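Report on the structure given below.
The values are calculated or read from the model by the stated rules, or taken from the named source; none is laboratory data. Not measured: the values here are computed from a predicted model. Note: ideal-geometry Cβ built from the backbone for every residue, glycine included; neighbour counts use all protein chains shown. Ligands, DNA and RNA are excluded from the accessible area calculation, which covers all protein heavy atoms including side chains. Shrake-Rupley method; radii C 1.70, N 1.55, O 1.52, S 1.80 Å.
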Amino acid sequence: MVRGLRDAVVGAVLVAGLVAGAGCTPNGGGRAAPPAVSLTGDQVERALPAAVGGAVAWQPQHGYPVVSEDGQLSAYCDNANPACEGVTLFGRSGFAAKPRQDVRTPHLTFELVVYDTAAHAERGVERWVAALQKREDRELKRVKLTRKPIDVDSGADSTDAWMVEKEYVRMVLRVGAVVALVRSSAFDDRAEMEKAARLQVDRVRAVAEGGKAGG
(Lines give C-alpha, C1' and ligand atoms only; values in the text may rest on other atoms or scores of the structure.)
Protein backbone atom coordinates (compact mmCIF):
# COMPACT_ATOMS: atom_id res chain seq x y z
CA MET A 1 0.00 0.00 0.00
CA VAL A 2 1.45 3.41 -0.93
CA ARG A 3 2.14 5.72 2.00
CA GLY A 4 -0.52 8.33 1.13
CA LEU A 5 -3.24 5.73 0.88
CA ARG A 6 -2.08 4.01 4.08
CA ASP A 7 -2.14 7.31 6.01
CA ALA A 8 -5.66 8.02 4.73
CA VAL A 9 -6.89 4.60 5.90
CA VAL A 10 -5.30 5.04 9.35
CA GLY A 11 -6.86 8.48 9.67
CA ALA A 12 -10.28 7.13 8.74
CA VAL A 13 -9.98 4.37 11.35
CA LEU A 14 -9.02 6.87 14.05
CA VAL A 15 -11.95 9.14 13.19
CA ALA A 16 -14.32 6.18 13.19
CA GLY A 17 -13.00 5.17 16.61
CA LEU A 18 -13.56 8.65 18.01
CA VAL A 19 -17.10 8.78 16.65
CA ALA A 20 -17.89 5.33 18.02
CA GLY A 21 -16.45 6.31 21.37
CA ALA A 22 -18.55 9.46 21.61
CA GLY A 23 -21.30 7.48 23.29
CA CYS A 24 -18.99 6.06 25.95
CA THR A 25 -18.65 7.17 29.51
CA PRO A 26 -15.57 9.23 30.38
CA ASN A 27 -13.97 6.30 32.18
CA GLY A 28 -14.47 4.01 29.21
CA GLY A 29 -17.04 1.92 31.04
CA GLY A 30 -19.37 1.52 28.07
CA ARG A 31 -22.19 3.60 26.65
CA ALA A 32 -23.26 6.82 28.31
CA ALA A 33 -26.15 6.59 30.72
CA PRO A 34 -29.56 7.17 29.11
CA PRO A 35 -31.26 10.53 29.67
CA ALA A 36 -32.75 10.89 33.14
CA VAL A 37 -36.40 9.97 33.49
CA SER A 38 -38.63 13.03 33.16
CA LEU A 39 -42.34 13.70 32.56
CA THR A 40 -44.54 16.15 30.67
CA GLY A 41 -47.72 17.57 32.18
CA ASP A 42 -49.87 14.92 30.53
CA GLN A 43 -47.51 12.20 31.71
CA VAL A 44 -47.60 13.49 35.29
CA GLU A 45 -51.38 13.15 35.29
CA ARG A 46 -51.14 9.60 33.94
CA ALA A 47 -48.34 8.64 36.32
CA LEU A 48 -50.24 9.67 39.44
CA PRO A 49 -52.13 6.67 40.88
CA ALA A 50 -55.82 6.59 40.03
CA ALA A 51 -56.43 3.66 42.40
CA VAL A 52 -54.54 2.07 45.27
CA GLY A 53 -54.96 -1.57 46.20
CA GLY A 54 -54.01 -3.34 49.40
CA ALA A 55 -55.58 -3.97 52.77
CA VAL A 56 -57.17 -0.51 52.97
CA ALA A 57 -60.15 0.53 50.86
CA TRP A 58 -58.74 3.81 49.52
CA GLN A 59 -61.25 6.16 47.90
CA PRO A 60 -59.99 8.88 45.53
CA GLN A 61 -60.57 12.37 46.88
CA HIS A 62 -62.71 14.71 44.83
CA GLY A 63 -60.83 17.08 42.57
CA TYR A 64 -57.71 14.94 42.13
CA PRO A 65 -55.44 14.51 40.32
CA VAL A 66 -54.29 18.07 39.70
CA VAL A 67 -51.29 19.17 37.64
CA SER A 68 -49.76 22.65 37.87
CA GLU A 69 -47.19 24.19 35.58
CA ASP A 70 -45.94 27.60 34.50
CA GLY A 71 -47.70 30.37 36.42
CA GLN A 72 -49.89 27.97 38.36
CA LEU A 73 -46.81 26.39 39.90
CA SER A 74 -46.25 29.30 42.27
CA ALA A 75 -49.38 28.36 44.20
CA TYR A 76 -47.61 25.15 45.21
CA CYS A 77 -43.92 25.92 45.00
CA ASP A 78 -42.87 29.32 46.28
CA ASN A 79 -39.74 30.63 44.59
CA ALA A 80 -38.24 31.19 48.04
CA ASN A 81 -38.37 27.45 48.73
CA PRO A 82 -34.90 26.06 47.93
CA ALA A 83 -36.45 22.67 47.13
CA CYS A 84 -38.14 24.33 44.16
CA GLU A 85 -34.95 25.21 42.30
CA GLY A 86 -35.37 23.84 38.78
CA VAL A 87 -38.98 22.67 39.26
CA THR A 88 -41.04 22.73 36.07
CA LEU A 89 -44.14 20.70 36.97
CA PHE A 90 -46.10 19.51 39.96
CA GLY A 91 -48.97 17.05 40.30
CA ARG A 92 -50.95 15.57 43.18
CA SER A 93 -53.52 12.86 43.81
CA GLY A 94 -55.11 12.01 47.15
CA PHE A 95 -57.07 9.19 48.77
CA ALA A 96 -59.06 8.68 51.97
CA ALA A 97 -59.88 5.37 53.63
CA LYS A 98 -63.45 4.09 53.47
CA PRO A 99 -65.64 4.39 55.40
CA ARG A 100 -64.69 7.95 56.31
CA GLN A 101 -64.57 8.61 60.03
CA ASP A 102 -63.61 11.68 62.02
CA VAL A 103 -60.37 13.64 61.83
CA ARG A 104 -58.50 10.35 62.26
CA THR A 105 -59.61 9.05 58.87
CA PRO A 106 -56.45 7.72 57.18
CA HIS A 107 -55.30 9.71 54.15
CA LEU A 108 -52.72 8.95 51.48
CA THR A 109 -51.22 11.56 49.16
CA PHE A 110 -49.00 11.22 46.10
CA GLU A 111 -47.11 14.24 44.79
CA LEU A 112 -44.84 14.35 41.74
CA VAL A 113 -42.33 17.19 41.39
CA VAL A 114 -40.58 17.34 38.00
CA TYR A 115 -37.20 19.08 37.72
CA ASP A 116 -35.37 20.30 34.65
CA THR A 117 -32.35 18.09 35.44
CA ALA A 118 -31.55 15.04 37.53
CA ALA A 119 -28.94 17.11 39.41
CA HIS A 120 -31.63 19.56 40.52
CA ALA A 121 -33.82 16.61 41.52
CA GLU A 122 -31.01 15.17 43.66
CA ARG A 123 -30.64 18.46 45.49
CA GLY A 124 -34.43 18.71 45.66
CA VAL A 125 -34.62 15.42 47.55
CA GLU A 126 -32.24 16.69 50.23
CA ARG A 127 -34.15 19.94 50.51
CA TRP A 128 -37.59 18.31 50.64
CA VAL A 129 -36.43 15.98 53.40
CA ALA A 130 -35.01 18.91 55.38
CA ALA A 131 -38.11 21.06 54.83
CA LEU A 132 -40.60 18.33 55.77
CA GLN A 133 -38.70 17.35 58.90
CA LYS A 134 -38.21 20.94 60.01
CA ARG A 135 -41.94 21.48 59.63
CA GLU A 136 -42.60 18.42 61.81
CA ASP A 137 -40.09 19.11 64.56
CA ARG A 138 -42.05 21.65 66.58
CA GLU A 139 -45.23 19.56 66.60
CA LEU A 140 -43.37 16.36 67.48
CA LYS A 141 -41.73 18.10 70.41
CA ARG A 142 -45.08 19.43 71.57
CA VAL A 143 -46.78 16.01 71.58
CA LYS A 144 -43.60 14.20 72.70
CA LEU A 145 -43.35 11.89 69.72
CA THR A 146 -40.22 10.80 67.87
CA ARG A 147 -39.41 10.33 64.21
CA LYS A 148 -37.80 7.05 63.14
CA PRO A 149 -35.97 6.38 59.84
CA ILE A 150 -37.24 3.31 57.98
CA ASP A 151 -36.01 1.18 55.10
CA VAL A 152 -38.32 1.07 52.10
CA ASP A 153 -37.79 -1.04 48.98
CA SER A 154 -39.34 1.35 46.47
CA GLY A 155 -37.32 0.63 43.33
CA ALA A 156 -36.44 4.35 43.07
CA ASP A 157 -33.01 5.80 42.32
CA SER A 158 -32.98 7.10 45.89
CA THR A 159 -35.34 6.76 48.83
CA ASP A 160 -35.59 8.67 52.09
CA ALA A 161 -38.30 7.47 54.44
CA TRP A 162 -39.34 7.89 58.05
CA MET A 163 -42.35 7.38 60.27
CA VAL A 164 -43.98 8.48 63.50
CA GLU A 165 -45.70 5.47 65.03
CA LYS A 166 -49.49 5.63 65.13
CA GLU A 167 -49.33 8.85 63.14
CA TYR A 168 -47.85 8.76 59.64
CA VAL A 169 -45.20 7.70 57.14
CA ARG A 170 -43.23 10.09 54.89
CA MET A 171 -41.27 9.06 51.79
CA VAL A 172 -39.23 11.15 49.36
CA LEU A 173 -38.35 9.15 46.24
CA ARG A 174 -36.32 10.13 43.20
CA VAL A 175 -36.65 8.61 39.73
CA GLY A 176 -34.33 10.46 37.37
CA ALA A 177 -35.46 14.10 37.29
CA VAL A 178 -38.74 13.32 39.08
CA VAL A 179 -39.20 13.47 42.85
CA ALA A 180 -42.19 11.70 44.38
CA LEU A 181 -43.52 12.57 47.81
CA VAL A 182 -45.67 9.75 49.20
CA ARG A 183 -47.26 10.66 52.51
CA SER A 184 -49.87 9.30 54.88
CA SER A 185 -51.76 10.73 57.81
CA ALA A 186 -53.43 8.76 60.61
CA PHE A 187 -51.83 5.71 58.99
CA ASP A 188 -48.47 4.08 59.80
CA ASP A 189 -48.62 0.66 58.13
CA ARG A 190 -45.09 0.31 56.71
CA ALA A 191 -45.91 -2.63 54.45
CA GLU A 192 -48.84 -0.85 52.84
CA MET A 193 -46.85 2.34 52.44
CA GLU A 194 -44.01 0.44 50.78
CA LYS A 195 -46.53 -0.94 48.27
CA ALA A 196 -47.75 2.61 47.64
CA ALA A 197 -44.18 3.80 47.06
CA ARG A 198 -43.43 1.02 44.59
CA LEU A 199 -46.74 1.67 42.82
CA GLN A 200 -45.76 5.30 42.29
CA VAL A 201 -42.21 4.52 41.16
CA ASP A 202 -43.41 1.83 38.74
CA ARG A 203 -45.98 4.20 37.24
CA VAL A 204 -43.42 6.96 36.73
CA ARG A 205 -41.05 4.60 34.93
CA ALA A 206 -43.81 3.03 32.82
CA VAL A 207 -45.20 6.37 31.65
CA ALA A 208 -41.75 7.84 31.00
CA GLU A 209 -40.88 4.84 28.83
CA GLY A 210 -44.01 5.32 26.75
CA GLY A 211 -46.04 2.52 28.28
CA LYS A 212 -49.33 2.52 30.11
CA ALA A 213 -49.43 2.68 33.91
CA GLY A 214 -51.96 0.23 35.28
CA GLY A 215 -54.49 1.39 37.86
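Heavy-atom accessible area, probed at 1.4 angstrom with all protein chains present, ranks 192, 111, 167 as 167, 192, 111, highest first.
When we measure straight from the Cα of residue 166, which lysines land under 19 angstrom away, once same-chain ones fewer than 8 places off are left out? In chain and number order, the partners are 98, 141, 144, 148, 195. A Förster radius of 25 Å combined with the Cβ-Cβ distance from residue 100 to residue 190 puts the calculated FRET efficiency at roughly 0.60. For the range 106-194, the per residue solvent-accessible surface stands at 48 Å², with DNA, RNA and ligands left out and a 1.4 Å probe.
Residues in the range 113-126 carry Karplus couplings, in order, of 10, 9, 9, 6, 9, 5, 5, 5, 5, 4, 5, x, 4, 4 Hz; the curve used is 6.51 cos²θ - 1.76 cosθ + 1.60 with θ = phi - 60°, and Gly or Pro positions show x.
Counting 0.36 nm for each residue step from residue 61 to residue 142 and taking away their Cα separation leaves a gain of 26.2 nm. Computed from the C-beta positions of residue 42 and residue 158 and an R0 of 22 Å, the FRET efficiency is 0.30 to the nearest 0.05. Sorting 158, 184 by solvent-accessible area of protein heavy atoms yields 158, 184, largest first, with a 1.4 Å probe.
Averaged over residues, the count of other Cβ atoms within 10 Å places the peptides 63-69, 168-174, 86-92, 104-110 in the sequence 168-174, 86-92, 104-110, 63-69, highest first.
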